[in-house]
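Here's the structure, in structure tokens; my notes come after.
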There are 2 protein chains.
Amino acid sequence: MIHDSRSRLDPVAFDAVHFADTFWAPRIKLVREQTIPFQYQQCKETGRIDALRLDWKPGQEPVPHIFWESDIAKWLEAASYSLAVHPDPELDDLVDQVVALLAGAQQHDGYLNVYFTVVEPGCRWTDLRDAHELYCAGHLIEAGVAHFQATGKRQLLEVVQRYADHIATVFGQDPGQKRGYCGHEEIELALVKLYRATGSEKYLRLSQYFVDERGRKPFYFEQEAEERATPGFFSTMFPEREQERAKFREYNQSHLPMREQTEVVGHAVRAMYLYCAMADLAREVGDVSLAQACERLWQHLTTKRMYLTGGIGSSRANEGFTSDYDLPNESAYAETCAAVGLVFWAHRMLHLDCDGHYADVLERALYNGVLSGISLDGKRFFYVNPLASAGDAHRYEWFGCACCPPNIARLLSSLGQYFYSQSASELVVHLYASGQAQLQVGGQALTVQQTTSYPWDGAVRLVAEQLAEPTTFNIKLRIPGWCSEPAVRVNGAAVNVAASLKKGYVSIERTWQAGDVIELELPMAIKRVYAHPAVEADQGCVALQRGPIVYCLEGVDHASVPLQELELPVSQPLQATFHPDLLDGVVALHGSALATNQAAWDGQLYTSRPPDMQETPLTAIPYYAWDNRQPGEMRVWIHEHRS
Amino acid sequence: MIHDSRSRLDPVAFDAVHFADTFWAPRIKLVREQTIPFQYQQCKETGRIDALRLDWKPGQEPVPHIFWESDIAKWLEAASYSLAVHPDPELDDLVDQVVALLAGAQQHDGYLNVYFTVVEPGCRWTDLRDAHELYCAGHLIEAGVAHFQATGKRQLLEVVQRYADHIATVFGQDPGQKRGYCGHEEIELALVKLYRATGSEKYLRLSQYFVDERGRKPFYFEQEAEERATPGFFSTMFPEREQERAKFREYNQSHLPMREQTEVVGHAVRAMYLYCAMADLAREVGDVSLAQACERLWQHLTTKRMYLTGGIGSSRANEGFTSDYDLPNESAYAETCAAVGLVFWAHRMLHLDCDGHYADVLERALYNGVLSGISLDGKRFFYVNPLASAGDAHRYEWFGCACCPPNIARLLSSLGQYFYSQSASELVVHLYASGQAQLQVGGQALTVQQTTSYPWDGAVRLVAEQLAEPTTFNIKLRIPGWCSEPAVRVNGAAVNVAASLKKGYVSIERTWQAGDVIELELPMAIKRVYAHPAVEADQGCVALQRGPIVYCLEGVDHASVPLQELELPVSQPLQATFHPDLLDGVVALHGSALATNQAAWDGQLYTSRPPDMQETPLTAIPYYAWDNRQPGEMRVWIHEHRS
């Protein structure tokens, strides 16, 4: 059953939203002016681009790497989005050159992968678990769709269609086909995008096949390894894999059929990409069992295994999940890509069921765990996003495994789509930022103008502009979960929020006309946040949040005392102050903490005199902005002095 | 310069003290009846004993291990001590058999090491860093001295003298001698014991040589490895050793000459044994620079790197020290042998300078970090002594590397020597337990009868018995550092403690006669203990101590709430109650803690409502006695609710 797509709620196109704010617009500009050119340069200098010429010879350095297409594809995707909202002939030309190289690298049968064309030409599809072949194909498909949507040019779309067509001949349940799927999920969600862009259901079916086949017995990856009878990629990275088969099945979520999975396990980015595809399929084909599986996994993730920042995957060992409530701060992995993946998944869940809980998590990850991944100057990146640091964690310019920087770039370059959704009868506003959106509701074109200082202030003014004739439809406005006393006015008249609030959204159904004004007041009280008592790392601690922004302490603001020694009294008032010159303009929180008076300490390691505490000033800055000044300590969870 | 030994303070002989208490006497009996026979059986069953027959042939299993003599030697040492205080013809006979086997294994030149006689016969002294050859020799020497002192039999003493004589020909600064020293210190302190037992200064000189040579450039172990040009022992265990030379020099304290060392570093047991020898040498030859080095290292250890239990060496990676204040609880290594070594070192420091601070640390380690190493039934052992456990740490019956069980056995079998010291003019009482001691003070034989319920009660009664004639001498009684309001009476008359307390001891000089009674009152208030604020693991936490006993919480007493969720209010009164049937009779602490009301928790991972706390009963038991009931969680440091 394919759903009727006319009545359903869809995200707006990413280029329908124009940012005119001081928070996102400068960041998107940075991505355009700094990150995208810099990433191209990195792809070029490291040999990734030129490898597409397929002229590599054995013995030559560098050897093309199995990941390389994914980096190029994510750069292409980000560059395409950027071109759509900010035409740039030079970038357009550069993109066309790379697309031509990709087209030239495609084989006659549609296959497109440098490594398995020039380095190991006889070994296509022999190591699905680790060789990332379908993963790279997925990113190429996403790039092809983005390039087409952004520029209208079909060349790359056609390249990836031919590749997808080839893949559809190789994989499936028909005789002679491989019953495999990728060890690093990604192609599943890409194929749904390709279906949406082309209308060709074969791509939807192929995605369904990959999702349905996963986790069935006999386990494909183990069969494949036996048949191949060579060690395969990463055999040295995971020497214990044979002894711990169950654990390594979980690593790539292939331990059980997806509809039987109830816990988020394994590699976090892989999990997110897979869950995205599951939510997409649930929506496109109305598959209730997949939707229920998504909902179970979502509940598990967000109530047991997610950092306050929206970071996920606490362990470096598997770049992924460990056990419930195991959320260490200093050793947190919380890969940037995983937080990006959570935004992707939350967005899809929101379109299965427009519940503010999904948008709350999306917003949490976006403003915190994602944004911390990129420096204020757009040039340095965190791969790993700890919630505490002794001072030795810093952003780097580029990574050998370069997944995170282009992932942030493609997210920020297409950010508009996360702000609004629309259907024939409804307009939904999920996020707030100054700017303009071109929408289609009730058969009418509508321009909405937002004015706000979000995320620093919760006053939002929405004006309906350019609505040709008065039209009756519903507007839903998200009331963020962090906001306890919201107020809404339409043309100056108060809306009964309590009565019209449902699943985190206030609904206002009326006949709208041009010039109508909606005003939201979302008071941003400073909130003290406590973690579930089973989270050992946060016991006795408190975190600070204001609006969607999670705060942290940095050493540079507390030179006289190590951060772990600060105790924030439970009744200590805190003030929020906007500092235009601090960290590109942020609201910082100020107050007073207690710290052990070390001068009064008797020099002993242990003492039975209660510590003598003295007041010391406390300053908290947004978590995303840490490590942009003098290097030093950082921590999100502060000891609370409960007196 | 050799000191005049007549005027100096010496520990009493271990067999001069007879325990008649309910704390130590049953433990010493357990060691005698359980641990010593069990350890012999283990040495026998694992092939350690029979390997002394030197009939091993290549290909035969088990292959004699380089550590084996040390296990046999520590058993011999413990068995000898036991024989001295509790004659046992059967054990005496068994000891004689093992001594005869050792004598038979000795080579014509005096060399005595099974591994390098039968397994790698050409490789003597080629891997001093890792092969433990001089380490094993040291334990044999300690066993030879103990056997002689305990039984008067000279056979083993003569064997180890011949071995030491041989070693003295191999090592030294003369032409043709090796300028080496052992990677695992031990022989240095053993040679001082051999000197004291035989009066032969050559052993003292050899010990001096080993201590003085250590850390000189060029670094012997690196030269040795180059000359040997084979990987050596443990090359696979430390593959990074070549890249991290500085770190691995610290591992065995050979990075600097000992007089230049100011920080305790590297493998904790090795450090302790070396510092013991340094303190011994400082005392025997009046070497002030060595005494100063000891004092610096002591200060560093006890103010920066020691657990509350007297456990030392926080890291499993090097079985040793890391950085200042790095004292994690659950991952604490705190090897039992290291705590035993700390007792040894503290005892020697106390005889360089009779300062209660040394005795306080000795007592802390003895009643806590050492005693935790052995189960109440004397059959199971902790090698590693964490200060918190999720429930997965339990004592084992035996270890492949079997250093800890016999180390506890030899300490407890010779415990008497730690209780009293004596000189021509002074009697010092360091520790308290019911029993009788045969002393020599002022040229007079004196018997002291102690009566006390220590460590459960601080009332101590000392009666001078069998003093032939009234004699003037000084009696010093230790006032433990944990005791804030001590009282002392002589024959019922109060002593002015404030006036006569110096360096932790009350001095009473008078003419003593038989029947004189000293009464001490050492009130055992329950103390809340706080760690230095730089100890991150203990921030916001409190530990409980009463008398010398450090307490912990166990899961079995708190079934309804995980221990990490308990918060002890700062003003919560606690009661101490003796339970004769609990854990062989202990004082437990009882009170009330707060815990998050999980029923009232809203199911969210994060919330901005302060946790709703409810009262829950709290029971703390002595740390040493944990893991003797139902397995489960344990923690020493409890979150403190500071309200």
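The values are calculated or read from the model by the stated rules, or taken from the named source; none is laboratory data. The structure displayed is predicted, hence computed values, not measured ones. Here Cβ is always computed from backbone atoms with ideal geometry, including for glycine, and neighbour counts include all displayed protein chains. We work out accessible area using only protein heavy atoms, side chains counted, and drop any ligands, DNA or RNA first. Shrake-Rupley method; radii C 1.70, N 1.55, O 1.52, S 1.80 Å.
Computed values, structure above
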quantity	calculated
Single residue of A:TYR40, A:TYR111 found to be out of contact with any strand residue (DSSP E or B) (no Cβ under 6 Å at 6 or more places or on another chain), among the aromatic types (Phe, Trp, Tyr), at pLDDT 95 or above and in the same structural domain as A:ARG270 (by TED's automatic domain parsing)	A:TYR111
Residue check, A:GLN545 in a strand (DSSP E or B), of a type in the set (S, T, N, Q) and either open to solvent by less than 20 Å² (accessible area, probe 1.4 Å) or assigned by TED's automatic domain parsing to the domain that holds A:ASN628 (or both)	yes
Every residue from segment B:601-643 that is open to solvent by less than 20 Å² (accessible area, probe 1.4 Å), in contact with an Asp or Glu (Cβ under 9 Å, 6 or more places away or on another chain) and aromatic (Phe, Trp, Tyr)	B:TRP626, B:TRP637
Meets criteria (on the phi < 0 side of the Ramachandran plot, of a type in the set (Asp, Glu) and surrounded by fewer than 17 Cβ atoms within 10 Å (Cβ to Cβ)) for B:ASP377	yes
Strands (runs of 3 or more DSSP E) contained in segment A:388-452 and holding at least 3 residues open to solvent by less than 10 Å² (accessible area, probe 1.4 Å)	A:426-429, A:435-441, A:444-452
Boolean, A:SER434 is in the same structural domain as A:PHE344 (by TED's automatic domain parsing), farther than 30 Å from A:HIS558 by Cβ, of a type in the set (Ser, Thr, Tyr) and at pLDDT 95 or above	no
Within segment A:286-336, tally of residues that are of a type in the set (Val, Ile, Thr), more than 11 Å from chain B (Cβ to nearest Cβ) and surrounded by fewer than 18 Cβ atoms within 10 Å (Cβ to Cβ)	2
Condition check for B:GLN261: at pLDDT 95 or above, outside the structural domain of B:GLU142 (by TED's automatic domain parsing) and open to solvent by 40 Å² or more (accessible area, probe 1.4 Å)	no
Test for B:ASP360: is it in a loop (DSSP other than H, G, I, E, B) and open to solvent by 10 Å² or more (accessible area, probe 1.4 Å)	no
Flag if B:ALA103 is small (Gly, Ala, Ser), within 29 Å of B:ASP127 (Cα to Cα), in contact with an Asp or Glu (Cβ under 9 Å, 6 or more places away or on another chain) and surrounded by fewer than 19 Cβ atoms within 10 Å (Cβ to Cβ)	yes
Hey, B:THR607 among the polar types (S, T, N, Q) and within 19 Å of A:VAL542 (Cα to Cα) or not	yes
Residue that is farthest from the other protein chains (Cβ to nearest Cβ) [pool: residues in segment B:529-538 that are within 12 Å of A:PRO562 (Cα to Cα) and open to solvent by less than 20 Å² (accessible area, probe 1.4 Å)]	B:VAL535
Members of segment B:570-608 found to be touching a strand residue (DSSP E or B) at 6+ places or on another chain (Cβ under 7 Å), hydrophobic (A, V, I, L, M, F, W, C) and within 14 Å of another protein chain (Cβ to nearest Cβ), listed by number	B:VAL570, B:LEU574, B:ALA593, B:LEU594, B:ALA595, B:LEU605
When residues of segment A:472-517 are limited to those that are charged (D, E, K, R) and in contact with a Gly (Cβ under 8 Å, 6 or more places away or on another chain), the one surrounded by the fewest Cβ atoms within 10 Å (Cβ to Cβ)	A:LYS503
Residue that is open to solvent by 10 Å² or more (accessible area, probe 1.4 Å), in contact with a Lys or Arg (Cβ under 9 Å, 6 or more places away or on another chain) and of a type in the set (S, T, N, Q), where the choices are B:THR126, B:THR169, B:THR198	B:THR126
Per-region count, segment B:42-97, residues among the aliphatic types (A, V, I, L, M), within 30 Å of B:ALA16 (Cβ to Cβ) and open to solvent by 10 Å² or more (accessible area, probe 1.4 Å)	5
Flag for A:PRO617 being away from every other protein chain (no Cβ under 14 Å) and at pLDDT below 95	no
Residue within segment B:594-616 that is of a type in the set (A, V, I, L, M, F, W, C), assigned to a strand (DSSP E or B) and in contact with a helix residue (DSSP H, G or I) (Cβ under 6 Å, 6 or more places away or on another chain) present	yes
Segment B:236-253, residues that are polar (S, T, N, Q), open to solvent by less than 40 Å² (accessible area, probe 1.4 Å) and over 23 Å from B:GLU284 (Cα atoms)	B:ASN252
Unmet criterion (only one of (1) assigned to a loop (DSSP other than H, G, I, E, B); (2) closer than 27 Å to A:GLY122 by Cβ; (3) open to solvent by less than 10 Å² (accessible area, probe 1.4 Å)) for A:GLY215	(2)
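To keep it simple, each residue is scored yes or no on (1) open to solvent by less than 10 Å² (accessible area, probe 1.4 Å); (2) more than 30 Å from the chain's Cα centre (by Cα); (3) free of Cβ contacts under 8 Å to residues at least 60 places away in the same chain.
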| site | (1), (2), (3) |
| --- | --- |
| A:LYS527 | no, no, yes |
| A:GLU554 | yes, no, no |
| A:VAL561 | no, yes, yes |
| A:LEU568 | yes, yes, no |
| A:PRO573 | no, yes, yes |
